[in-house]
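Just below is one structure, and these are the notes that go with it.
The values are calculated or read from the model by the stated rules, or taken from the named source; none is laboratory data. Keep in mind it's a predicted model, so treat the numbers as computed, not measured. With ideal geometry, Cβ positions are generated from the backbone for all residues, glycine too; neighbour counts draw on all protein chains shown. SASA here: full protein model, heavy atoms, side chains in, ligands and nucleic acids out. Shrake-Rupley method; radii C 1.70, N 1.55, O 1.52, S 1.80 Å.
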Amino acid sequence: MNITGKTIQLGVIGNPISHSISPQLHNTMAEKMGLDYTYSAYRVRRGEVAKALDGMRALNIRGFNVTIPHKVTAHDLCDELDPFAKKMGACNTLVNNDGVIKGYNTDGPGFIRSLLHKGVSVKDKFVIVLGAGGAAQGVCMAMADAGARMIGIINRTYEKAEKLAERINKYYPSVAHACNGFVDADIVVNTTSVGMNTNEMPADVDFESLKKETVVCDIVYCPRETAFLKKASEAGLKTVGGIGMLINQAVIAFELFTNTKVDETVVDYLYRMTELEKSIVLTGFMGTGKTSIGKRLCSLTGAQFIDTDSLIEEKMGMSIPDIFSKYGESCFRDVESEVIKSLAGYKGAVISTGGGAVLRRENIDTLRENGAVIFCLKADIERVFKNIGTNTESRPLLNGKTMDEARALLESRCEAYANCDEEIDVTDCEKEQSADKILELYMGRD
Ligand code: NAP
């Protein structure tokens, strides 16, 4: 990225904000489209949105995205409003036209585009929406706007479903109603927060009883395939995951900021970068930075981070040094293999394994069968010791070892490490550079 005095500034405001993948999405679009824009994340506290908007005017920042908890406040402070944002009463996109700030809402339209991207139209469809929170409002309003025939809203708190239906019907008369059943739905959408990083289902749905053409969607995107989507898919139904909504709300916002149309090839690139249809597995010797590089990769892609050592500790109810001292390495390896098997079918994750996980060929085969790409992190033993410092107690195989003994252990594993898909030398790299390199290699693979 070559930032000059002419580079146009964009950003996202919210609190918290450090987890946001918007900078990665927008900077990738700018780079791939060859446009001279740069996008940053700004933490803005409650009560400081007006100051942020003044700053936007004063610094001539072209556009802001707005996220939790400022969407309603931003709507109230805009100089002008797009009609859809007005109906929503909330804005997630602000465009600064020479000091005049116009507010938009691209969340719901992003959901509609994510359906179109998968060949699904909502025109004349009967849709069932689970949930009646902020996201449900965007999804329902956009579906009504896109010509849905009827929208049934199911929510744990029934009165909220009724209130949401009323709000939708104010602009699209008689389209929405609160309900309890799924019968005859063409499209079912989960907009509740249930399923986020868990295997829970938002409702007890008998997918087998739905029409075989029913499309099932989830706007929860971590994991990429939620339990809700998995069950629907097992019943033979078409599914659409939540990452598409996140991508497309950004695409529409970027188009508003830049007055351009984002190329489909660029949109496809964003999907590949964030869907991670093939999970990224990081392995390699202790102290090569699997956890920190893995977490950095998650902040670039929005993927879920899974650490097999933590899963082993959870399963055994004790720390890794305790497993080693009580049951020995071979028992640890057996549990490790079981944990790796349990990750079968996981999509869209960055999985960090222990350094010895790939010593068993069966583990590599299991990971590959699940479509993962296995990256082995390599570093010389001096760097490993520098990274670990004096903290060798939590690493039973290094504890009390001299550098020469550790080097011998590392060398004994080289053959197994060579079976991985890609080797990355991280000896002279910071975690940011290593993560960028891995993502680049991942994107360059077929
Ligand atoms: P929200 O305003 O807090 O609404 C949460 C909804 O979930 C409510 O309808 C709530 O029901 C329901 N709910 C919560 N816990 C439940 C439970 N245990 N059982 C049944 N229902 C439950 O949240 P939101 O802003 O709408 O966000 C909802 C989800 O959408 C979040 O996971 C968020 O990450 C995701 N999202 C994704 C995107 C995307 O781009 N893909 C965009 C926005 C949001 P009650 O009314 O009964 O409390």
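Taking amide H positions as modeled 1.01 Å from N, with prolines and chain starts lacking one, the residues under 5 Å from I101 and 5 or more places away or on another chain are D79, E80. The stretch between E369 and D206 holds 55.7 nm of extra length on full extension. This uses 0.36 nm per residue minus the Cα-Cα distance. Surface calculation, 1.4 Å probe, protein heavy atoms: D421 sits at approximately 50 Å² accessible. Remark: the Cα gyration tensor places region 34-111 in the rounded category, a/c being less than 1.5. Here K160 and E440 are evaluated by their C-beta separation; at R0 = 51 Å the FRET efficiency comes out at 0.70.
For the set R407, R45, solvent exposure ranked by accessible area (probe 1.4 Å, protein chains only) runs largest to smallest as R45, R407.
Top to bottom by accessible area (1.4 Å), largest first, where do K437, K71 land?
Working: K437 80, K71 55 Å².
Accessible-area ranking of K437, K71, largest first: K437, K71.
Label sites at A344 and D184, each approximated as a point 7 angstrom past Cα along Cα to Cβ, lie 4.0 nm apart. Think of it this way: in the chain, C78, C91, C140, C179, C217, C222, C298, C331, C414, C429 stand alone, with no other Cys Cβ under 4.7 Å.
Straight-line cross-link reach from K212 at under 18 Å between alpha-carbon atoms covers these lysines, not counting any fewer than eight positions away in the same chain: K118, K125, K230, K231, K238.
Taken along the Cα-to-beta-carbon direction at a fixed 7 Å, the label points for N419 and N2 span 4.6 nm.
Of all aspartates and glutamates in the structure, the ones whose alpha carbon falls short of 17 Å from that of K6, not counting any fewer than 8 places away in one chain, are E31, D36, D98. Legend: residues S292, S279, sorted from most to least accessible area (1.4 Å probe; ligands, DNA and RNA excluded), read S292, S279. Scaled against the 2.2 N^0.38 Å expected of a compact globular protein of N residues, the Cα radius of gyration of region 277-444 reads 0.97. DSSP bridge analysis restricted to the chain gives an antiparallel fraction near 15%, rounded to the nearest 5. For the chain, the mean residue ellipticity at 222 nm estimated from helices alone is -13500 deg cm²/dmol, where every DSSP H run of n ≥ 4 contributes -39500 (n - 2.57) and the total is divided by all residues, rounded to the nearest 500.
Gain in length, E411 to V120, computed as 0.36 nm per residue apart minus the alpha-carbon separation, to one decimal in nm?
Values: separation 291, 0.36 × 291 = 104.76 nm, distance 5.28 nm.
Here the segment from E411 to V120 would lengthen by 99.5 nm.
Using the 1.4 Å probe convention, the accessible area of the chain works out to 45 Å² per residue with neighbouring protein chains retained. What number does region 32-171 give for Rg over Rh if you use C-alpha atoms and the Kirkwood radius? Rg divided by Rh gives 1.02. Would you please give the FRET efficiency between D76 and T402, computed as 1/(1 + (r/R0)^6) with r the Cβ-Cβ distance and R0 = 51 Å, to the nearest 0.05? According to the calculation, E is roughly 0.20. Note on region 328-424: the C-alpha convex hull projects to 6.5 nm² when averaged across all orientations.
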